[in-house]
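Student: What follows is a structure written as C-alpha coordinates; I'll ask about it next.
The values are calculated or read from the model by the stated rules, or taken from the named source; none is laboratory data. All values reported here derive from a predicted model rather than from experimental measurement. No Cβ is skipped: glycine too gets one built from the backbone with ideal geometry, and neighbour counts run over all protein chains shown.
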Amino acid sequence: MNTPIYKIKDSVDLFVSDNKYLMVYYMNTRRRKSFKINEWTMHLLEIIDGEKTLDELKKMMQEKFNVAAENTEAVIEQLETNKIITPRCIDDSILSEYDRKRYDRQINYFAEFFSREEEGMLAQKKLMDSKIIIFGCGAVGGDIAIELAMAGVQHITLFDFDKVEVSDASRHMYFKDEMVGYPKIEALAQQIHEIDNRIAIRIIHKSMKPDSNIERLIIEHDFVVNTLDEPYIGYTSSKISRICVKHNTAHYIAGGFDAHLASTGEMIIPYVTPCVECYAGYFKKTLAGWKPKKHPVVKRYREIGGLSSMTLFSASFACIEIIKYLAGLVNMNESFKVRGELLFSTLKLTYINVKKNPDCPICGERGAIK
(Lines give C-alpha, C1' and ligand atoms only; values in the text may rest on other atoms or scores of the structure.)
Protein backbone atom coordinates (compact mmCIF):
# COMPACT_ATOMS: atom_id res chain seq x y z
CA MET A 1 0.00 0.00 0.00
CA ASN A 2 1.29 3.47 -0.91
CA THR A 3 1.91 5.94 1.87
CA PRO A 4 -0.14 9.17 1.90
CA ILE A 5 0.65 11.93 -0.57
CA TYR A 6 0.54 15.23 1.31
CA LYS A 7 -0.30 18.72 0.08
CA ILE A 8 -0.63 22.09 1.75
CA LYS A 9 -4.35 22.81 2.06
CA ASP A 10 -5.69 25.03 -0.71
CA SER A 11 -7.38 27.34 1.79
CA VAL A 12 -4.27 27.93 3.89
CA ASP A 13 -1.86 30.83 3.43
CA LEU A 14 1.62 30.53 4.97
CA PHE A 15 4.42 32.96 5.62
CA VAL A 16 7.46 33.03 7.88
CA SER A 17 8.17 35.81 10.35
CA ASP A 18 11.68 36.54 11.74
CA ASN A 19 12.87 33.23 10.26
CA LYS A 20 11.46 31.36 13.25
CA TYR A 21 7.67 31.74 13.29
CA LEU A 22 5.29 30.11 10.85
CA MET A 23 2.23 32.32 10.44
CA VAL A 24 -0.83 30.41 9.26
CA TYR A 25 -3.93 32.12 7.89
CA TYR A 26 -6.98 29.91 7.34
CA MET A 27 -8.64 31.91 4.59
CA ASN A 28 -12.09 30.31 4.63
CA THR A 29 -12.67 30.64 8.37
CA ARG A 30 -10.44 33.72 8.88
CA ARG A 31 -8.51 32.16 11.73
CA ARG A 32 -4.84 32.85 12.40
CA LYS A 33 -2.24 30.75 14.18
CA SER A 34 1.48 31.03 14.72
CA PHE A 35 4.03 28.27 15.36
CA LYS A 36 7.68 28.44 16.34
CA ILE A 37 9.63 26.39 13.81
CA ASN A 38 13.23 25.57 12.94
CA GLU A 39 15.04 25.81 9.61
CA TRP A 40 14.51 22.22 8.51
CA THR A 41 10.75 22.46 9.09
CA MET A 42 10.72 25.34 6.60
CA HIS A 43 12.50 23.10 4.10
CA LEU A 44 9.96 20.37 4.74
CA LEU A 45 7.10 22.73 3.88
CA GLU A 46 8.89 23.71 0.69
CA ILE A 47 8.96 20.13 -0.59
CA ILE A 48 5.38 19.21 0.33
CA ASP A 49 4.00 19.64 -3.18
CA GLY A 50 1.09 17.22 -3.46
CA GLU A 51 3.22 14.79 -5.46
CA LYS A 52 5.56 13.17 -2.94
CA THR A 53 4.55 10.34 -0.62
CA LEU A 54 5.30 10.38 3.09
CA ASP A 55 8.12 7.90 2.53
CA GLU A 56 9.64 10.12 -0.14
CA LEU A 57 9.44 13.16 2.13
CA LYS A 58 11.18 11.29 4.98
CA LYS A 59 13.90 10.09 2.63
CA MET A 60 14.55 13.56 1.18
CA MET A 61 14.72 15.16 4.62
CA GLN A 62 17.17 12.52 5.82
CA GLU A 63 19.43 12.74 2.76
CA LYS A 64 19.43 16.52 2.30
CA PHE A 65 19.09 17.84 5.86
CA ASN A 66 20.10 14.88 8.01
CA VAL A 67 16.68 14.78 9.74
CA ALA A 68 15.66 11.45 11.24
CA ALA A 69 12.63 9.84 9.61
CA GLU A 70 10.71 9.74 12.88
CA ASN A 71 11.22 13.50 13.36
CA THR A 72 9.89 14.26 9.91
CA GLU A 73 6.89 12.03 10.54
CA ALA A 74 6.22 13.73 13.88
CA VAL A 75 6.19 17.18 12.27
CA ILE A 76 3.97 15.91 9.43
CA GLU A 77 1.55 14.68 12.06
CA GLN A 78 1.50 18.09 13.77
CA LEU A 79 0.98 19.90 10.47
CA GLU A 80 -1.94 17.62 9.68
CA THR A 81 -3.44 17.95 13.17
CA ASN A 82 -3.38 21.74 12.81
CA LYS A 83 -5.05 21.49 9.38
CA ILE A 84 -2.10 23.00 7.52
CA ILE A 85 -1.55 20.00 5.28
CA THR A 86 -3.83 17.18 4.18
CA PRO A 87 -3.42 13.83 2.47
CA ARG A 88 -4.37 14.36 -1.17
CA CYS A 89 -7.63 12.60 -2.03
CA ILE A 90 -7.11 10.09 -4.82
CA ASP A 91 -10.41 8.23 -4.33
CA ASP A 92 -12.36 8.76 -7.56
CA SER A 93 -15.36 6.82 -6.27
CA ILE A 94 -16.64 9.59 -3.95
CA LEU A 95 -17.52 12.10 -6.65
CA SER A 96 -17.40 12.05 -10.42
CA GLU A 97 -14.76 14.15 -12.17
CA TYR A 98 -17.53 16.51 -13.32
CA ASP A 99 -18.80 17.06 -9.77
CA ARG A 100 -15.30 17.53 -8.40
CA LYS A 101 -14.79 20.33 -10.93
CA ARG A 102 -18.28 21.80 -10.54
CA TYR A 103 -18.07 22.03 -6.75
CA ASP A 104 -14.32 22.57 -6.48
CA ARG A 105 -14.49 25.80 -4.46
CA GLN A 106 -17.26 24.51 -2.24
CA ILE A 107 -15.35 21.31 -1.50
CA ASN A 108 -12.33 23.47 -0.73
CA TYR A 109 -14.44 25.40 1.78
CA PHE A 110 -15.91 22.26 3.34
CA ALA A 111 -12.48 20.67 3.70
CA GLU A 112 -11.30 23.37 6.11
CA PHE A 113 -13.75 22.06 8.71
CA PHE A 114 -11.99 18.69 8.59
CA SER A 115 -8.48 17.31 8.68
CA ARG A 116 -8.53 15.61 5.29
CA GLU A 117 -9.37 16.73 1.78
CA GLU A 118 -11.34 13.51 1.36
CA GLU A 119 -13.75 14.59 4.10
CA GLY A 120 -14.61 17.72 2.14
CA MET A 121 -15.67 15.52 -0.78
CA LEU A 122 -17.66 13.26 1.54
CA ALA A 123 -19.44 16.35 2.91
CA GLN A 124 -20.36 17.35 -0.64
CA LYS A 125 -21.61 13.82 -1.31
CA LYS A 126 -23.85 13.95 1.78
CA LEU A 127 -25.34 17.18 0.50
CA MET A 128 -25.94 15.73 -2.97
CA ASP A 129 -27.60 12.60 -1.57
CA SER A 130 -29.98 14.50 0.75
CA LYS A 131 -33.71 14.43 -0.04
CA ILE A 132 -35.33 17.76 0.85
CA ILE A 133 -38.94 18.90 0.78
CA ILE A 134 -39.82 22.61 0.78
CA PHE A 135 -43.31 23.59 1.87
CA GLY A 136 -44.04 27.02 0.43
CA CYS A 137 -42.32 28.34 -2.70
CA GLY A 138 -42.69 32.08 -2.31
CA ALA A 139 -39.78 34.50 -2.09
CA VAL A 140 -37.94 32.84 0.84
CA GLY A 141 -38.85 29.24 0.00
CA GLY A 142 -37.98 29.75 -3.67
CA ASP A 143 -34.62 31.32 -2.84
CA ILE A 144 -33.82 28.44 -0.48
CA ALA A 145 -34.60 25.94 -3.24
CA ILE A 146 -32.37 27.79 -5.72
CA GLU A 147 -29.45 28.09 -3.29
CA LEU A 148 -29.65 24.43 -2.30
CA ALA A 149 -29.75 23.46 -5.98
CA MET A 150 -26.64 25.55 -6.60
CA ALA A 151 -24.97 23.86 -3.62
CA GLY A 152 -25.58 20.44 -5.19
CA VAL A 153 -28.73 19.00 -3.59
CA GLN A 154 -30.05 16.51 -6.16
CA HIS A 155 -33.46 15.57 -4.73
CA ILE A 156 -35.99 18.37 -4.11
CA THR A 157 -39.76 18.25 -3.57
CA LEU A 158 -41.73 21.50 -3.94
CA PHE A 159 -45.12 21.93 -2.23
CA ASP A 160 -47.23 25.00 -3.00
CA PHE A 161 -50.62 25.93 -4.46
CA ASP A 162 -50.04 29.57 -5.49
CA LYS A 163 -49.46 31.10 -8.91
CA VAL A 164 -46.88 33.61 -10.13
CA GLU A 165 -48.10 37.22 -10.03
CA VAL A 166 -46.66 40.40 -11.51
CA SER A 167 -45.75 41.71 -8.03
CA ASP A 168 -43.47 38.70 -7.54
CA ALA A 169 -40.93 40.39 -9.82
CA SER A 170 -39.66 42.45 -6.89
CA ARG A 171 -39.07 39.52 -4.53
CA HIS A 172 -38.93 36.14 -6.30
CA MET A 173 -35.53 35.22 -7.73
CA TYR A 174 -37.11 32.77 -10.17
CA PHE A 175 -39.59 35.30 -11.60
CA LYS A 176 -39.94 35.63 -15.39
CA ASP A 177 -42.58 37.65 -17.25
CA GLU A 178 -43.71 34.68 -19.29
CA MET A 179 -44.43 32.67 -16.11
CA VAL A 180 -47.16 34.99 -14.79
CA GLY A 181 -50.22 32.87 -14.10
CA TYR A 182 -48.24 29.62 -13.91
CA PRO A 183 -48.05 27.64 -10.66
CA LYS A 184 -45.06 28.82 -8.65
CA ILE A 185 -43.73 25.29 -8.30
CA GLU A 186 -43.59 24.91 -12.10
CA ALA A 187 -41.77 28.21 -12.54
CA LEU A 188 -39.37 27.34 -9.73
CA ALA A 189 -38.77 23.82 -11.05
CA GLN A 190 -37.86 25.29 -14.44
CA GLN A 191 -35.37 27.65 -12.83
CA ILE A 192 -33.81 24.81 -10.81
CA HIS A 193 -33.37 22.69 -13.92
CA GLU A 194 -31.65 25.61 -15.63
CA ILE A 195 -29.14 25.46 -12.76
CA ASP A 196 -28.71 21.68 -12.96
CA ASN A 197 -30.91 19.51 -15.15
CA ARG A 198 -29.82 16.39 -13.25
CA ILE A 199 -31.80 17.38 -10.17
CA ALA A 200 -34.79 15.14 -9.46
CA ILE A 201 -37.71 17.50 -8.77
CA ARG A 202 -41.14 16.48 -7.54
CA ILE A 203 -43.87 19.11 -7.61
CA ILE A 204 -47.02 18.96 -5.49
CA HIS A 205 -49.60 21.60 -6.41
CA LYS A 206 -51.65 21.62 -3.22
CA SER A 207 -52.59 23.88 -0.35
CA MET A 208 -52.15 22.96 3.29
CA LYS A 209 -55.41 22.21 5.09
CA PRO A 210 -56.26 20.86 8.56
CA ASP A 211 -57.00 17.43 7.08
CA SER A 212 -53.97 17.36 4.74
CA ASN A 213 -52.09 14.11 5.29
CA ILE A 214 -48.42 15.04 4.87
CA GLU A 215 -46.89 12.41 7.13
CA ARG A 216 -45.90 10.07 4.29
CA LEU A 217 -44.31 12.99 2.44
CA ILE A 218 -42.20 13.92 5.43
CA ILE A 219 -41.10 10.33 6.06
CA GLU A 220 -39.78 10.14 2.49
CA HIS A 221 -37.35 13.04 3.03
CA ASP A 222 -34.19 13.62 5.06
CA PHE A 223 -34.86 17.28 5.78
CA VAL A 224 -37.92 19.54 5.76
CA VAL A 225 -38.16 23.29 5.13
CA ASN A 226 -41.33 25.25 5.88
CA THR A 227 -42.09 28.74 4.59
CA LEU A 228 -45.78 28.07 3.91
CA ASP A 229 -47.72 31.06 5.23
CA GLU A 230 -51.20 29.96 4.13
CA PRO A 231 -53.37 29.67 6.05
CA TYR A 232 -50.83 30.91 8.62
CA ILE A 233 -47.12 30.23 9.18
CA GLY A 234 -47.69 29.36 12.85
CA TYR A 235 -50.29 26.74 11.94
CA THR A 236 -48.33 25.12 9.11
CA SER A 237 -45.16 25.09 11.19
CA SER A 238 -46.93 23.44 14.12
CA LYS A 239 -48.51 20.78 11.89
CA ILE A 240 -45.22 20.04 10.10
CA SER A 241 -43.03 20.18 13.21
CA ARG A 242 -45.17 17.74 15.19
CA ILE A 243 -44.75 15.14 12.45
CA CYS A 244 -41.04 15.85 12.09
CA VAL A 245 -40.44 15.43 15.83
CA LYS A 246 -42.42 12.19 15.80
CA HIS A 247 -40.11 10.78 13.10
CA ASN A 248 -36.95 12.47 14.41
CA THR A 249 -36.54 14.53 11.22
CA ALA A 250 -34.64 17.81 11.40
CA HIS A 251 -36.44 20.78 9.87
CA TYR A 252 -36.14 24.51 9.36
CA ILE A 253 -38.84 27.12 9.83
CA ALA A 254 -37.55 29.85 7.52
CA GLY A 255 -37.98 33.57 8.14
CA GLY A 256 -38.92 36.59 6.10
CA PHE A 257 -42.68 36.59 6.48
CA ASP A 258 -45.16 39.39 7.18
CA ALA A 259 -43.95 41.62 10.02
CA HIS A 260 -40.78 39.56 10.43
CA LEU A 261 -38.91 40.49 7.27
CA ALA A 262 -35.25 39.41 7.48
CA SER A 263 -36.00 36.93 10.24
CA THR A 264 -33.45 34.14 10.32
CA GLY A 265 -36.01 31.49 11.19
CA GLU A 266 -34.91 28.52 13.25
CA MET A 267 -33.28 25.13 12.88
CA ILE A 268 -35.20 22.44 14.75
CA ILE A 269 -33.41 19.21 15.62
CA PRO A 270 -35.84 16.96 17.50
CA TYR A 271 -35.02 16.55 21.20
CA VAL A 272 -31.95 18.81 20.85
CA THR A 273 -33.22 22.29 19.98
CA PRO A 274 -36.44 24.04 20.99
CA CYS A 275 -39.30 22.78 18.80
CA VAL A 276 -42.17 24.83 17.39
CA GLU A 277 -44.22 24.13 20.51
CA CYS A 278 -41.34 25.39 22.68
CA TYR A 279 -41.37 28.63 20.68
CA ALA A 280 -45.16 28.90 21.00
CA GLY A 281 -44.89 28.46 24.77
CA TYR A 282 -42.15 31.07 24.94
CA PHE A 283 -44.21 33.67 23.07
CA LYS A 284 -47.31 32.86 25.07
CA LYS A 285 -45.40 33.60 28.26
CA THR A 286 -43.48 36.67 27.11
CA LEU A 287 -46.49 38.23 25.37
CA ALA A 288 -48.96 37.49 28.16
CA GLY A 289 -51.40 40.39 28.50
CA TRP A 290 -50.30 42.05 25.25
CA LYS A 291 -52.99 42.97 22.75
CA PRO A 292 -52.38 44.49 19.32
CA LYS A 293 -53.85 47.90 18.66
CA LYS A 294 -56.57 48.21 16.08
CA HIS A 295 -54.97 49.03 12.73
CA PRO A 296 -56.46 51.93 10.74
CA VAL A 297 -56.22 49.92 7.50
CA VAL A 298 -58.86 47.19 7.60
CA LYS A 299 -58.00 45.24 4.46
CA ARG A 300 -54.24 45.17 4.52
CA TYR A 301 -53.35 41.70 3.20
CA ARG A 302 -51.58 43.34 0.28
CA GLU A 303 -50.13 46.14 2.39
CA ILE A 304 -47.45 44.03 4.10
CA GLY A 305 -44.15 45.21 2.65
CA GLY A 306 -41.28 43.26 1.23
CA LEU A 307 -37.78 43.71 -0.17
CA SER A 308 -35.92 41.13 -2.22
CA SER A 309 -32.63 41.69 -0.41
CA MET A 310 -34.29 41.05 2.95
CA THR A 311 -35.97 37.84 1.83
CA LEU A 312 -32.70 36.75 0.23
CA PHE A 313 -30.96 37.36 3.56
CA SER A 314 -33.47 35.12 5.31
CA ALA A 315 -33.06 32.41 2.68
CA SER A 316 -29.27 32.61 2.66
CA PHE A 317 -29.05 32.46 6.45
CA ALA A 318 -31.32 29.41 6.42
CA CYS A 319 -29.26 27.72 3.68
CA ILE A 320 -26.01 28.20 5.58
CA GLU A 321 -27.52 26.46 8.60
CA ILE A 322 -29.11 23.73 6.48
CA ILE A 323 -25.87 23.03 4.59
CA LYS A 324 -23.87 22.94 7.82
CA TYR A 325 -26.30 20.35 9.15
CA LEU A 326 -26.64 18.17 6.05
CA ALA A 327 -22.93 18.16 5.22
CA GLY A 328 -21.93 17.56 8.85
CA LEU A 329 -19.55 20.51 8.93
CA VAL A 330 -20.05 21.32 12.61
CA ASN A 331 -21.75 19.80 15.62
CA MET A 332 -25.18 21.39 15.24
CA ASN A 333 -26.24 19.99 18.61
CA GLU A 334 -23.98 22.64 20.13
CA SER A 335 -23.92 25.43 17.52
CA PHE A 336 -27.54 25.73 16.37
CA LYS A 337 -29.12 29.18 16.26
CA VAL A 338 -32.50 30.16 17.65
CA ARG A 339 -34.63 32.65 15.77
CA GLY A 340 -33.12 36.06 15.14
CA GLU A 341 -34.07 39.22 13.28
CA LEU A 342 -31.98 41.61 11.21
CA LEU A 343 -32.99 45.21 11.77
CA PHE A 344 -33.06 47.14 8.51
CA SER A 345 -31.83 50.50 9.83
CA THR A 346 -28.85 49.27 11.88
CA LEU A 347 -28.20 45.83 10.35
CA LYS A 348 -28.06 44.54 13.90
CA LEU A 349 -28.90 40.87 14.27
CA THR A 350 -30.62 39.98 17.54
CA TYR A 351 -31.71 36.55 18.77
CA ILE A 352 -34.61 35.76 21.05
CA ASN A 353 -33.84 34.04 24.33
CA VAL A 354 -35.88 30.87 23.81
CA LYS A 355 -34.82 27.64 25.52
CA LYS A 356 -35.84 24.04 25.03
CA ASN A 357 -38.75 23.39 27.39
CA PRO A 358 -38.25 20.15 29.35
CA ASP A 359 -42.02 20.05 29.92
CA CYS A 360 -42.91 20.64 26.27
CA PRO A 361 -45.88 18.42 25.29
CA ILE A 362 -44.16 17.62 21.98
CA CYS A 363 -40.42 17.24 22.58
CA GLY A 364 -40.11 17.35 26.36
CA GLU A 365 -39.38 14.47 28.69
CA ARG A 366 -43.10 13.76 28.96
CA GLY A 367 -43.82 14.61 25.35
CA ALA A 368 -47.00 13.22 23.86
CA ILE A 369 -45.46 12.35 20.49
CA LYS A 370 -43.75 8.98 20.40
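Student: Looking at the structure I just gave you, is MET208 assigned to a loop (DSSP other than H, G, I, E, B) and either over 25 Å from TYR109 (Cβ atoms) or without any contact (Cβ under 8 Å) to a residue 24 or more places away in the chain (or both)? Step through it out loud before you land on a result.
Tutor: On the way: assigned to a loop (DSSP other than H, G, I, E, B): yes; either over 25 Å from TYR109 (Cβ atoms) or without any contact (Cβ under 8 Å) to a residue 24 or more places away in the chain (or both): yes.
Considered against the rule, which asks whether it is assigned to a loop (DSSP other than H, G, I, E, B) and either over 25 Å from TYR109 (Cβ atoms) or without any contact (Cβ under 8 Å) to a residue 24 or more places away in the chain (or both), MET208 comes out as yes.
Student: I need a count of the residues in segment 345-365 that are more than 16 Å from TYR282 (Cα to Cα) and not in a strand (DSSP E or B).
Tutor: Taking segment 345-365 as the starting set, the residues that turn out to be more than 16 Å from TYR282 (Cα to Cα) are 345-350, 365.
Retained after the next criterion (residues that are not in a strand (DSSP E or B)): 345-348, 365.
Residues flagged as more than 16 Å from TYR282 (Cα to Cα) and not in a strand (DSSP E or B) within segment 345-365 amount to 5.
Student: Consider GLY136 against the criteria (1) buried (at least 23 other Cβ atoms within 10 Å of the Cβ); (2) free of Cβ contacts under 8 Å to residues at least 60 places away in the same chain: it satisfies all of them except one. Which criterion is unmet?
Tutor: The one condition GLY136 does not meet is (2).
Student: With the condition kept exactly as written, say whether any residue in segment 313-323 is more than 13 Å from the chain's Cα centre (by Cα) and of a type outside the set (Val, Ile, Thr).
Tutor: Narrowing segment 313-323 to residues more than 13 Å from the chain's Cα centre (by Cα): 313.
Then drop every residue that is not of a type outside the set (Val, Ile, Thr), which leaves 313.
Scanning segment 313-323 turns up at least one residue that is more than 13 Å from the chain's Cα centre (by Cα) and of a type outside the set (Val, Ile, Thr).
Student: So, one more: Sort out which residues of segment 158-173 are surrounded by 22 or more Cβ atoms within 10 Å (Cβ to Cβ) and either farther than 19 Å from ILE233 by Cβ or modelled with pLDDT of 95 or more (or both), and write them in order of number.
Tutor: Of everything in segment 158-173, those that are surrounded by 22 or more Cβ atoms within 10 Å (Cβ to Cβ) and either farther than 19 Å from ILE233 by Cβ or modelled with pLDDT of 95 or more (or both) turn out to be LEU158, PHE159, VAL164.
Student: Given the criteria under 26 Å from TYR21 (Cα atoms), out of contact with any Lys or Arg (no Cβ under 6 Å at 6 or more places or on another chain) and crowded, with 17+ Cβ neighbours inside 10 Å, does LYS64 qualify? Walk me through it before giving the result.
Tutor: On the way: under 26 Å from TYR21 (Cα atoms): yes; out of contact with any Lys or Arg (no Cβ under 6 Å at 6 or more places or on another chain): yes; crowded, with 17+ Cβ neighbours inside 10 Å: no.
Judged against the criteria, LYS64 is not a match.
Student: If you check ALA123 against the conditions, is it at pLDDT below 90, under 18 Å from the mean Cα position of the chain (by Cα) and not acidic (Asp, Glu)?
Tutor: Details: at pLDDT below 90: no; under 18 Å from the mean Cα position of the chain (by Cα): yes; not acidic (Asp, Glu): yes.
No.
Student: A further question follows. Of all residues being in a loop (DSSP other than H, G, I, E, B) and buried (at least 21 other Cβ atoms within 10 Å of the Cβ) in segment 174-205, which is nearest to the chain's Cα centre (by Cα)? Just the residue, please. Steps first, answer last, please.
Tutor: First, the residues of segment 174-205 that are in a loop (DSSP other than H, G, I, E, B): 174-176, 180-182, 196-199, 205.
Now restrict to residues that are buried (at least 21 other Cβ atoms within 10 Å of the Cβ): 174-175.
Working: TYR174: 20, PHE175: 24 Å.
Looking at the filtered set, the residue picked out is TYR174.
Student: Condition (residue is closer than 30 Å to GLN124 by Cβ and without any contact (Cβ under 8 Å) to a residue 24 or more places away in the chain) applied to segment 62-71: is it met by at least one residue? Please lay out each step first, then the result.
Tutor: So the first thing to find is which residues in segment 62-71 are closer than 30 Å to GLN124 by Cβ, and the list is none.
Taking every residue of segment 62-71 in turn, none turns out to be closer than 30 Å to GLN124 by Cβ and without any contact (Cβ under 8 Å) to a residue 24 or more places away in the chain.
Student: On the given criteria, is SER241 surrounded by fewer than 18 Cβ atoms within 10 Å (Cβ to Cβ) and either among the small types (Gly, Ala, Ser) or outside the structural domain of GLY306 (by TED's automatic domain parsing) (or both)? Explain how you work it out, then say what you get.
Tutor: Values: surrounded by fewer than 18 Cβ atoms within 10 Å (Cβ to Cβ): no; either among the small types (Gly, Ala, Ser) or outside the structural domain of GLY306 (by TED's automatic domain parsing) (or both): yes.
Answer is no for this residue.
Student: Which members of segment 26-54 meet the condition of being of a type in the set (Ser, Thr, Tyr) and surrounded by 16 or more Cβ atoms within 10 Å (Cβ to Cβ)?
Tutor: Step one: filter segment 26-54 for residues of a type in the set (Ser, Thr, Tyr), giving 26, 29, 34, 41, 53.
Hits for segment 26-54 are TYR26, THR41.
Student: Give the residues of segment 103-128 that are over 14 Å from THR86 (Cβ atoms), touching a residue at least 40 places away in the same chain (Cβ under 8 Å) and either among the charged types (D, E, K, R) or touching a Leu at 6+ places or on another chain (Cβ under 8 Å) (or both), sorted by residue number.
Tutor: Let us first name the residues in segment 103-128 that are over 14 Å from THR86 (Cβ atoms), namely 103-106, 124-128.
Filter once more, so that each one left must be touching a residue at least 40 places away in the same chain (Cβ under 8 Å): 103, 106, 124, 126-127.
Answer for segment 103-128, where residues must be over 14 Å from THR86 (Cβ atoms), touching a residue at least 40 places away in the same chain (Cβ under 8 Å) and either among the charged types (D, E, K, R) or touching a Leu at 6+ places or on another chain (Cβ under 8 Å) (or both): TYR103, GLN124, LYS126, LEU127.
Student: Residues in segment 247-279 that are surrounded by fewer than 18 Cβ atoms within 10 Å (Cβ to Cβ) and either part of a helix (DSSP H, G or I) or not assigned by TED's automatic domain parsing to the domain that holds PHE317 (or both): how many?
Tutor: At the first step, the residues of segment 247-279 found to be surrounded by fewer than 18 Cβ atoms within 10 Å (Cβ to Cβ) are 247-248, 258-260, 271-272.
Keeping just the survivors that are either part of a helix (DSSP H, G or I) or not assigned by TED's automatic domain parsing to the domain that holds PHE317 (or both) gives 258-260.
The qualifying residues number 3.
Student: Tally up the residues in segment 132-160 that are in contact with a strand residue (DSSP E or B) (Cβ under 8 Å, 6 or more places away or on another chain) and farther than 29 Å from ASP104 by Cβ, please.
Tutor: Going through segment 132-160 one residue at a time, the tally reaches 5.
Student: How do the pairs read when you match residues in segment 310-334 that are under 22 Å from MET121 (Cβ atoms) with residues anywhere that are aliphatic (A, V, I, L, M) and in a loop (DSSP other than H, G, I, E, B), using Cβ under 6 Å and keeping only pairs 6 or more apart or on different chains?
Tutor: Listed by first residue and then by second, the contacts come to LYS324/VAL330.
Student: May I pose another question? Taking segment 149-170 as the region of interest, how many residues are outside any loop (DSSP other than H, G, I, E, B) and among the charged types (D, E, K, R)?
Tutor: If we filter segment 149-170 for residues that are outside any loop (DSSP other than H, G, I, E, B), which is where we start, we get 149-151, 155-159, 163, 166-170.
Filter once more, so that each one left must be among the charged types (D, E, K, R): 163, 168.
Qualifying residue count, segment 149-170: 2.
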